[in-house]
Every structure is written in structure tokens, then in C-alpha cells.
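Notes to accompany the following structure.
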Amino acid sequence: MSVQVKICGLSSPDQVRWAVEAGARYLGFVFFAKSPRNVSLEAATALARAVPPGLAKVALVVNPDDAALDEITVQMPVDMLQLHGDESPARVAEIRARTGLPVMKAVGISDAADIDRIEAYEIVADQILIDAKPPKGADLPGGTGVPFDWRLIAGRHWQRPWMLAGGLTAKNVGLAIRLTGARQVDVSSGVERAPGAKDAGMIADFMAAVQHAR
């Protein structure tokens, strides 16, 4: 069984093309003003319309209100919402019902105490994204380029499809897959030469490392 890849934080036609040509299954667009990967709704809509059929277009949002959700889902051809804030399980369920879209909920992990939070979200979300938990007071909820201790989730029984994120690069993704059993991985800063600047060669190297992981 192959491992599927999500490339997040795409912000230009070239970046979308590189991700598509490399074989990414999910393409992520960030709606968070503090992120170096933030895109306007107009730009993201144009980029999403260029994505070939069969690939999942994911809108990453952080604690969105209903107005923001309505604007994104009306204008953009989005296939999935990624909730990357501190949305409660009840809010996740509410967003899923309101939009009618599959929802992926990000859960930040830094130590064993964070693992217990996963189950509550598995009940209400379609997928779970396991990310490195940012330091307290950090401006960004993810995309920090720092991994967590993957052994914390090794051997876990999952109730929902899940995706591994957090500091993945071409050099470490093979080990991450072997330790966790992940069948889906998410990369953003790990394929960038500078914050927000994706690199075609780094994307190709990452995809090759995923394909050769055992």
C-alpha cells in the first residue's frame, strides 16, 4: 500500500504544478494571515481551479467563524477543510454539518498527555492530522518545521484515517513512516528553500523518500 502525500501552503501556479507532477494526493491552501504561506481567497480559488480532477483541494483555516467558512466554500472549489486552531469537538461537528464538507482536524502533540485529546476528535472529524504542538504563545499553529517524538503514537489503534505532519523532510520521512505506520504524510516547510518558497527539487526528493520508505 502506497503512502499518500499532502503538500501544504501552496501559493503560486508553479508550486501547484510541481505538487501535481510529483504525485501529491492532497494540495493545501493556507488561510491564516500570520503564515508566510497565506493566500487570498481570490488567489486560492484560481489555483484550486487549476488542480486536476481526483486530487483533494484542502483549505486550511484557524478558528474560522461562519462568515469566513461561507465565503471560502461558496467561492472556492474546495474538497476538504483542515481545522488547525483550537476548535472544540463540538465546533468541528458544527462546521462539518454547516459546510457539508469532510473535515480534517489537526491535533498538536508534544508529550504523552496530548495523546488523550485525539479520541474526542476522532468521533467528529473525517480525518485527523497529527502535528507537532507549537510552543506556548507561538504565532503559528503549525508549519514550524519541528518534529515531535513519533514513538508517542507508534502502534496506536486509529478510529479514523490520519495523517502525520510536523517537521517532515526528505531525510526523516522514511523513519517517521516506519516508526508510526503512517499511510499519509503532510509536508510544508520541509520542501521549502525559504518560508513559503517551495522548491521543485525538494518536492521531488521528498516524494522519492516517501516511495522508498519501508
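Since every read-out is calculated from the coordinates, none of them should be taken as a lab result. Remember, predicted model here, so these are calculated numbers, not experimental data. Cβ coordinates were reconstructed from backbone atoms using ideal geometry, including for glycine residues, and neighbour counts include every protein chain displayed.
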## Note on the structure
Whole-Hz Karplus couplings 3J(HN,Hα) for segment 10-26, θ = phi - 60° and coefficients 6.51, -1.76, 1.60, Gly and Pro as x, run 6, 9, 8, x, 4, 4, 4, 4, 4, 5, 5, 5, 6, x, 5, 8, 10
### Task
Rank Glu87, Glu119, Glu71 by mean-square fluctuation in a GNM of the chain with C-alpha springs under 10 angstrom and give only the top-ranked residue.
Glu71
### Query
Out of residues 5 or more away from Leu129 or on other chains, whose amide H comes under 5 Å of its own, with H placed 1.01 Å from N in the peptide plane?
Lys105, Ala106, Val107, Met163
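Do the sum for the chain: with -39,500 (n - 2.57) for every DSSP H run of n ≥ 4, divided by all residues, what is the mean residue ellipticity at 222 nm, to the nearest 500 deg cm²/dmol?
Details: 7 runs with 66 residues, N = 214.
After summing the helix terms and dividing by the residues of the chain, the value is -9000 deg cm²/dmol.
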### Task
Mind giving me the FRET efficiency for Ala120 and Asp14? R0 is 30 Å, r the Cβ-Cβ distance, nearest 0.05 is fine.
0.15
### Task
For Glu71 paired with Ser110, estimate the spin-label separation in nm (one decimal), with each label point 7 Å from Cα along the Cα-to-Cβ line.
3.1
#### Entry: All lysines inside 23 Å of Lys133 as judged from Cα atoms, apart from same-chain residues fewer than 8 positions distant
Lys6, Lys34, Lys105, Lys171, Lys198
### Task
With a cut-off of 20 Å, note down the residues of segment 51-78 whose backbone N falls inside the zone around a label point 7 Å from the Cα of Ala93 toward its beta carbon.
63-66
### Message
Pick from Asp126, Asp79, Asp70 the residue whose mean-square fluctuation is largest in a GNM of the chain, springs joining Cα atoms under 10 Å.
### Response
Asp70
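Mind pulling up the Rg/Rh value for the chain? Radius of gyration and Kirkwood radius, both on Cα. Present the calculation step by step, with values, prior to reporting the outcome.
Numbers: Rg = 15.8 Å, Rh = 17.1 Å.
Radius of gyration relative to Kirkwood radius: 0.93.
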### Query
Tell me, in nm to one decimal, what length is gained between Ala43 and Leu175 on full extension, where the rule is 0.36 nm per residue of separation less the Cα-Cα distance?
44.0 nm
### Under-5 Å amide H pairs with Gly9, H placed in peptide plane, nonlocal only
Gly28, Phe29, Val30
### Summary
Residues meeting the amide H criterion for Arg183 (H placed from the backbone, H to H distance under 5 Å, 5 or more places apart or on another chain) are none
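How about segment 34-71: which trypsin sites (Lys or Arg not before Pro) there lie in a loop by DSSP and see at most 13 other Cβ atoms within 10 Å?
Lys34
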